[in-house]
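The values are calculated or read from the model by the stated rules, or taken from the named source; none is laboratory data. None of these values were measured; they are calculated from a predicted model. Ideal geometry is used to build each Cβ from the backbone, glycine not excepted, and the neighbour counts take in all protein chains shown. Side chains are part of the model used for accessible areas, which takes the heavy atoms of the whole protein and leaves out ligands, DNA and RNA. Shrake-Rupley method; radii C 1.70, N 1.55, O 1.52, S 1.80 Å.
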Amino acid sequence: MSIPSPVPVGKLVTLRCHSEANPAVTSYNWWTENKGHLVLRATGQELVLMATWADKGLYACEATNRSEER
């Protein structure tokens, strides 16, 4: 994981998640923190957003493969 410099408001931002799991990843989820709770922000290997003040904070990517699915 890399932590880039702060992103200016109004800039297009692309976050990418990568995993080399075996078996291969079947889904990706993007999580962010809101008032002390993790909130599902999006699904997919990439999260693209136009940065606003409301987007500030940490983001986490969760990769799931067949062995973890229920």
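Annotations for the structure displayed:
- Residue list for the stretch 19-43, filter: within 27 Å of Lys56 (Cα to Cα), polar (S, T, N, Q), touching a strand residue (DSSP E or B) at 6+ places or on another chain (Cβ under 6 Å) and in a strand (DSSP E or B): Ser27, Asn29, Thr32, Thr43
- Scanning the stretch 1-18 turns up one or more residues that are open to solvent by 40 Å² or more (accessible area, probe 1.4 Å), touching a residue at least 40 places away in the same chain (Cβ under 8 Å), part of a loop (DSSP other than H, G, I, E, B) and β-branched (Val, Ile, Thr).
- Neighbours by Cβ (under 6 Å, 6+ apart or cross-chain): first from the stretch 41-62, open to solvent by less than 60 Å² (accessible area, probe 1.4 Å); second at pLDDT below 90 and of a type in the set (D, E, K, R): Leu49/Asp55
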